[in-house]
Amino acid sequence: MKRLILLRHGESEWNKEKRFTGWSDIDLSAEGHREAAKAGKRLKAEGIQIDQAFTSWLKRAVHTLNHVLDELDQNYIPVTKSWRLNERSYGALQGCFQADVVNQYGKELVSAWRDSLDAQQPVLNPQDPRSPLCQPRYDGIPRDQLPLGESLQMLMDRIVPFYKEQIEPAVAADQTVLIAAHGNALGVLMKYLNDTAAKDPASIEPDVEFPLIYEPPTGIPMVYEFDDDMHIVRFCCLGDHEEVLERSGRIG
């Protein structure tokens, strides 16, 4: 079966505190660990086995994947970690409390930064300790590829080519592939899939009765199934409606 499972990491410590996280390497909260383990249990209950998994370089996503593979007893499968699956860089907003940012810049501008494809928040100074240019883990990456802040369109331009080059071929080869990543990163990928892989793009989102684009829920597997032409034939969330609503919209 051609199947792609998208899983946003469980609640992080900064999700809990309503802070912009981005590329800051913040771990899961206690609730986030429980959410991640529960995601694995849900996949197991559905009889789903993973052939290959992908995740980011950020530990909240890596630890989420580890919980899932523990629950499935599939720690042996191939796992690819890539910085290209990192969360959207929130630039100078990283680490800031949402309420403080709204007070400083206004709700309308903050909403545009979060929801508009082309709006970009203030960027980091390259010498800022929060900048990936100052973090040894990114030393092998060309400096011009490391973001100091990203619009959603910039994020999509980073995520979609990686998906097409690395992930889509595995799905097309009848594998079940899991991506454990981040809210905005998975949101722009979902937009791409819904716009390009759905025979009728409008038919995907109404099936779940609320907007998931840019606001996928933490810790709940979202399952796409494809036909031989890589058109979406089924989409579902492995969680009840109220739970998905509760976990959606947390800042990435």
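Here, each number is a calculation from the coordinates, and none is a lab measurement. Values in this document were obtained by computation on a predicted structure and should not be read as measured data. Please note: Cβ atoms are built from the backbone with ideal geometry, for glycine as well, and neighbour counts cover all protein chains shown.
In plain terms, the C-alpha convex hull of region 120-179 casts an average shadow of 5.3 nm² when viewed from every direction. Charging the Cβ of each Asp and Glu at -1 and of each Lys and Arg at +1, and nothing else, the dipole of region 78-164 about its Cα centre rounds to 340 debye. Put in order of Cβ neighbour count within 10 Å, fewest first, the listed residues Asp174, Asp118 become Asp118, Asp174. Our analysis of the chain gives Rg over Rh at 0.95, with the two radii drawn from alpha carbon positions and Rh computed by the Kirkwood formula.
To the nearest ten degrees, helix 30-45 and the longest principal axis of the Cα atoms of the chain are 20 degrees apart. Max-minus-min Cα coordinates of region 61-150 on each principal axis give 47, 29, 22 Å, with the largest extent listed first. Counting only DSSP beta bridges with both residues in the chain, the antiparallel share comes to about 45 percent. For region 227-238, the Karplus equation 6.51 cos²θ - 1.76 cosθ + 1.60, evaluated at θ = phi - 60°, returns couplings of 8, 5, 9, 6, 8, 5, 10, 7, 9, 7, 9, 8 Hz by residue, with Gly and Pro reported as x.
What FRET efficiency comes out for Glu225 versus Glu17 if R0 is 45 angstrom and r is the Cβ-Cβ distance? Round to the nearest 0.05.
Values: r = 36 Å, r/R0 = 0.80.
For R0 = 45 Å, the calculated efficiency reads 0.80.
Would you mind checking the pairs Lys18/Lys38; Lys107/Lys164; Lys18/Lys44; Lys41/Lys81; Lys38/Lys107 and listing those with alpha carbons more than 27 angstrom apart? Write out the running numbers ahead of the final one.
Numbers: Lys18/Lys38 23 Å; Lys107/Lys164 35 Å; Lys18/Lys44 31 Å; Lys41/Lys81 23 Å; Lys38/Lys107 34 Å.
Correct reply: Lys107/Lys164; Lys18/Lys44; Lys38/Lys107.
Between Asp174 and Asn103, the C-beta separation translates, for a Förster distance of 51 Å, into a calculated FRET efficiency of about 0.50.
Residues whose amide H lies under 5 Å from that of Arg19, counting only those 5 or more places away or on a different chain, are Gln98; hydrogens are built 1.01 Å from N in the peptide plane. To the nearest ten degrees, helix 59-72 and the longest principal axis of the Cα atoms of the chain are 20 degrees apart. Were the residues from His241 through Cys96 laid out at 0.36 nm apart, the gain over their Cα-Cα distance would be 49.2 nm.
If you average the sequence gap of Cα pairs under 8 Å that are 6 or more apart and divide by the length of the chain, what percent do you get for the contact order? Before the final figure, lay out each step's value.
Working: 502 pairs, mean separation 75.4, N = 252.
Once divided by the residue count of the chain, the mean separation gives 30 percent.
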